[in-house]
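**Q** Can you keep this structure in mind? I'll have questions shortly.
The values are calculated or read from the model by the stated rules, or taken from the named source; none is laboratory data. These numbers were taken from a predicted model, which means no experiment stands behind them. Note that we place each Cβ from the backbone using ideal geometry, even for glycine, and neighbour counts take in every protein chain shown. Areas reflect the complete protein model, heavy atoms only, side chains present, ligands, DNA and RNA absent. Shrake-Rupley method; radii C 1.70, N 1.55, O 1.52, S 1.80 Å.
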Amino acid sequence: MWRRLGRKDEQSLTDALDNADGDALYRRQYARAEAEDEWRRAAEREARRPVCKRCGRKFTDERWEETTARTAWKAGDLSVCGTCHADDVARQEAAAEAARLEAAAPPAPEDVPEPGRRRGWFRRRP
């Protein structure tokens, strides 16, 4: 009788050499190693994820892709998250709208003194 490592009972020599559960054991160990490796890769990716310079939140996957893609020049400030970037865009649009309305409005009448009243430095006030 033979006693195998990791077994509770004794086995015959042919059973001990056969290693019937070797493939299943290998698959379990491989699956466990793959899961740990996947977890490690996800943790490393999260550690590389950029953080917004204004609010301190981490970038979403979409914003991170915007800032690293070939069209990053369209993404605006690359150091801010999507929410802060949306605020910047809204602020710029509001300023452009205000400038457009100001340009379209008629000029305000200037302060013209009344024709009958003359004021100067040394004249009496009525």
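**Q** With respect to Arg70, is the statement that it is modelled with pLDDT of 80 or more, farther than 19 Å from Val89 by Cα and open to solvent by 50 Å² or more (accessible area, probe 1.4 Å) true?
**A** Considered against the rule, which asks whether it is modelled with pLDDT of 80 or more, farther than 19 Å from Val89 by Cα and open to solvent by 50 Å² or more (accessible area, probe 1.4 Å), Arg70 comes out as no.
**Q** Can you confirm whether segment 27-47 contains a residue that is at pLDDT below 80, open to solvent by 60 Å² or more (accessible area, probe 1.4 Å) and not in a loop (DSSP other than H, G, I, E, B)?
**A** Looking for residues that are at pLDDT below 80, open to solvent by 60 Å² or more (accessible area, probe 1.4 Å) and not in a loop (DSSP other than H, G, I, E, B), one finds none in segment 27-47, hence no.
Residue-wise test of (1) touching a Lys or Arg at 6+ places or on another chain (Cβ under 9 Å); (2) surrounded by 12 or more Cβ atoms within 10 Å (Cβ to Cβ); (3) modelled with pLDDT under 80.
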site: Arg63; (1), (2), (3): no, yes, no
site: Asp77; (1), (2), (3): yes, yes, yes
site: Glu93; (1), (2), (3): no, no, no
site: Ala103; (1), (2), (3): no, no, no
site: Glu110; (1), (2), (3): no, no, yes
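**Q** When the residues of segment 24-45 are narrowed to those that are farther than 29 Å from Lys58 by Cα and not hydrophobic (A, V, I, L, M, F, W, C), which ends up farthest from the chain's Cα centre (by Cα)?
**A** Restricting to residues being farther than 29 Å from Lys58 by Cα and not hydrophobic (A, V, I, L, M, F, W, C), the top hit is Tyr26.
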